[in-house]
Amino acid sequence: MTNRPISTDDAGIPAPSDEHSLSVGPNGPLLMQDHYLIQKMAHFNRERVPERVVHAKGGGAHGVLRITEDVSQFTKAGLFQKGKETPLFLRFSTVAGELGSPDTARDPRGFAIKFYTEEGNYDLVGNNTPIFFIRDPQKFSDFIHSQKRRADTHLRDNNMQWDFWTLSPESAHQVTFLMTDRGIPASWRHMHGFGSHTFLWYNAGGQKFWVKYHFRTEQGIKNYTGEEAAALLVDPDHHIRDLHTAIEAGDHPSWKVNVQIMPFEAAADYRFNPFDLTKVWPHEDYPEITIGRFTLNRNPRNYFAEVEQAGFEPSNLVPGIGASPDKMLQGRLFSYPDTHRYRIGPNYLQLPINQPRAAVNSYNFDGPMAFSNSQDPVYAPNSVNGPAADPALYEGENYQVAGEIIRSAYTKHAEDDDYVQPRALWENVLSETDRAHLVDNIVGHASAPEVTSEMKQRVVEYWNNIHKDLGEGVSNGLGLS
Ligand code: NDP
């Protein structure tokens, strides 16, 4: 006997064999009483949890946030105080592809961060783009359906994608971003991250501000052209491998943490609706301020436990940070924790990757896989000295809203228009090469055999609304007059 440990079943009982099932004689049928075999097969059948309906394919790493500037005049959140270090876990992903789909697809990238703060988990569930395709969660499942698979053939369908986009002009800014070379980052290390939504910050005196987060890569931006990405399809895990290899080699990627801060009162008559997720706040109005940086320095040891079971929820907001009336954020406050309850189970916050480092004194208890045993009392209010809320922690979060209960688009601000910001990107930011690549990428996507000629006309119209040169380039590329 070597000094290897004895293999066991999941109850710790020594395994009778690693090779042979229990049978009636060497050649006879197997027996129900072979618990070791039955546990192995039954557990194997349950090895997968449902994949995420969006952002299924991804990877992640552990790291640390360090705050270098004093922003206490804007927020009292402990993690953002000067000198503070907070451990974090960051998961990168594509949006539309399933588990196993290629990392180098043209798609936005998820950029979800969980900060394990002393005041509980703070999750910032962002993307590598500062904007999104839609501005009302009513359209979210329809949007995702249009990007995934048809009901009949189970095939993805570019015609369906353009149908949704051209009927949803608010998508123009994000689709422009997606079709530039930044639509295929060369690696997760070489792209920016954005909180995308607008959030509320409030300081210890209860003063309020609106904030947007920008995580600027310190590795520099690097992208792949469509051709380069196509050649990499032989390695569908290109980005997982890149991140893992870099961290393993001690090459720890880092991002600057920048914020844009708007005084609370300025939102009402700002030239753009500051809560519209299809818009940025131009830098000339609200410049970025660097407040710190974060570094990824440790690979997961078990992919399933740390990446697949990681549950991020924009509803995890700590004192000093609140929600804004951004309708997409409001929808996500519900849908993220709801998907984790379905996908992982109602006690997903007890798993080590999701477990807060702060003490949990919650009155929720039991349920499948309950691991932290709750203590009496199990109700509040109580007269037996159970945990009690401290509403003072949230002073500053309150603000006035009034209005009719209504189903309506946002009220437009002075310069709100679906094309003005993608036009600024085309006119003021993209180089000649970027513009040529943008046109090529659109033409390539809209040239898929399933895209009808009627749809191609609508595609040209869509880009014409942004800029006539862009519309003309697409029209020429598609061979239309
Ligand atoms: P600025 O010139 O101050 O900023 C331009 C921004 O565009 C920078 O953040 C820059 O990022 C980014 N950028 C550069 N090249 C590309 C590209 N190929 N694809 C996408 N983004 C790129 O201008 P404004 O703030 O007035 O914004 C003008 C337009 O720039 C906006 O309408 C929006 O489309 C885009 N943009 C604006 C952002 C914002 O928060 N204001 C953020 C990102 C994009 P980098 O520094 O890495 O080059």
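Hey, could you check the range 14-30 for residues that are without any contact (Cβ under 8 Å) to a residue 12 or more places away in the chain and under 23 Å from GLU47 (Cα atoms) and say which is surrounded by the fewest Cβ atoms within 10 Å (Cβ to Cβ)? Going through the qualifying residues, I end up with GLU19.
Using the structure shown, decide if GLN161 is in a helix (DSSP H, G or I), crowded, with 21+ Cβ neighbours inside 10 Å and more than 16 Å from the ligand (Cβ to nearest atom). Walk me through it before giving the result.
Values: in a helix (DSSP H, G or I): yes; crowded, with 21+ Cβ neighbours inside 10 Å: yes; more than 16 Å from the ligand (Cβ to nearest atom): yes.
Spelling it out, GLN161 is indeed in a helix (DSSP H, G or I), crowded, with 21+ Cβ neighbours inside 10 Å and more than 16 Å from the ligand (Cβ to nearest atom).
This table checks each residue for (1) part of a strand (DSSP E or B); (2) surrounded by 21 or more Cβ atoms within 10 Å (Cβ to Cβ).
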| residue | (1), (2) |
| --- | --- |
| ALA61 | yes, yes |
| LEU79 | no, yes |
| GLU98 | no, no |
| LYS114 | yes, yes |
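Rundown of residues vs (1) within 16 Å of the ligand (Cβ to nearest atom); (2) out of contact with any Lys or Arg (no Cβ under 8 Å at 6 or more places or on another chain); (3) farther than 25 Å from TYR213 by Cα, yes/no style:
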position	(1), (2), (3)
TYR122	no, no, no
ILE134	no, yes, no
ASP152	no, yes, yes
ARG156	no, no, yes
SER168	no, no, yes
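Residue by residue, here is whether (1) among the charged types (D, E, K, R); (2) in contact with a strand residue (DSSP E or B) (Cβ under 8 Å, 6 or more places away or on another chain); (3) closer than 30 Å to GLN400 by Cα; (4) in a strand (DSSP E or B) holds:
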| position | (1), (2), (3), (4) |
| --- | --- |
| GLY292 | no, yes, no, yes |
| ALA305 | no, no, no, no |
| GLN355 | no, no, no, no |
| ALA358 | no, yes, no, no |
| SER362 | no, no, yes, no |
| GLY367 | no, no, no, no |
| SER372 | no, no, no, no |
| PRO377 | no, no, no, no |
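In the condition set (1) of a type in the set (A, V, I, L, M); (2) more than 21 Å from the chain's Cα centre (by Cα); (3) closer than 25 Å to ASP10 by Cα; (4) open to solvent by less than 50 Å² (accessible area, probe 1.4 Å), VAL49 is compliant with all but (2). Applying a threshold of 9 Å to beta carbon distances and a minimum spacing of six or more residues, or different chains, the list of pairs starting in the range 195-220 at a residue that is at positive phi and open to solvent by 10 Å² or more (accessible area, probe 1.4 Å) and ending at one that is more than 16 Å from the ligand (Cβ to nearest atom) and part of a strand (DSSP E or B) reads SER196/VAL125. If a residue must be within 8 Å of the ligand (Cβ to nearest atom) and touching a Ser or Thr at 6+ places or on another chain (Cβ under 8 Å), how many such residues does the range 422-437 contain? Number of matching residues: 4. Restricting the range 267-302 to residues that are free of Cβ contacts under 8 Å to residues at least 12 places away in the same chain and more than 16 Å from the ligand (Cβ to nearest atom) leaves a set whose member that is most open to solvent (accessible area, probe 1.4 Å) is ARG301. For GLY311, the criteria (1) under 30 Å from GLU248 (Cβ atoms); (2) not in a loop (DSSP other than H, G, I, E, B) hold in every case but one, which is (2). For beta carbons closer than 8 Å, sequence separation of 6+ or different chains, a first residue in the range 238-264 that is closer than 18 Å to HIS190 by Cβ and a second that is open to solvent by 50 Å² or more (accessible area, probe 1.4 Å) and away from the ligand (no atom under 16 Å from the Cβ), the qualifying pairs are ALA246/HIS252; ILE247/ASN297; ILE247/ARG298; HIS252/ASN297. Checking each residue in the range 329-358 for being in contact with a Phe, Trp or Tyr (Cβ under 6 Å, 6 or more places away or on another chain) and among the aliphatic types (A, V, I, L, M) picks out no residue at all.
Of the residues contained in the range 147-158, none is found to be outside any loop (DSSP other than H, G, I, E, B) and either touching a Leu at 6+ places or on another chain (Cβ under 9 Å) or among the aliphatic types (A, V, I, L, M) (or both). For beta carbons closer than 6 Å, sequence separation of 6+ or different chains, a first residue in the range 135-156 that is within 17 Å of GLU170 (Cβ to Cβ) and a second that is open to solvent by less than 50 Å² (accessible area, probe 1.4 Å) and among the hydroxyl-bearing types (Ser, Thr, Tyr), the qualifying pairs are ARG135/THR278.
Taking the range 31-46 as the region of interest, how many residues are of a type in the set (D, E, K, R) and surrounded by 10 or more Cβ atoms within 10 Å (Cβ to Cβ)?
2
The values are calculated or read from the model by the stated rules, or taken from the named source; none is laboratory data. The structure presented is a predicted model; accordingly, all values stated were derived computationally and were not measured. No Cβ is skipped: glycine too gets one built from the backbone with ideal geometry, and neighbour counts run over all protein chains shown. Remember, those area values only see protein heavy atoms, side chains included, never the ligands or the DNA or RNA. Shrake-Rupley method; radii C 1.70, N 1.55, O 1.52, S 1.80 Å.
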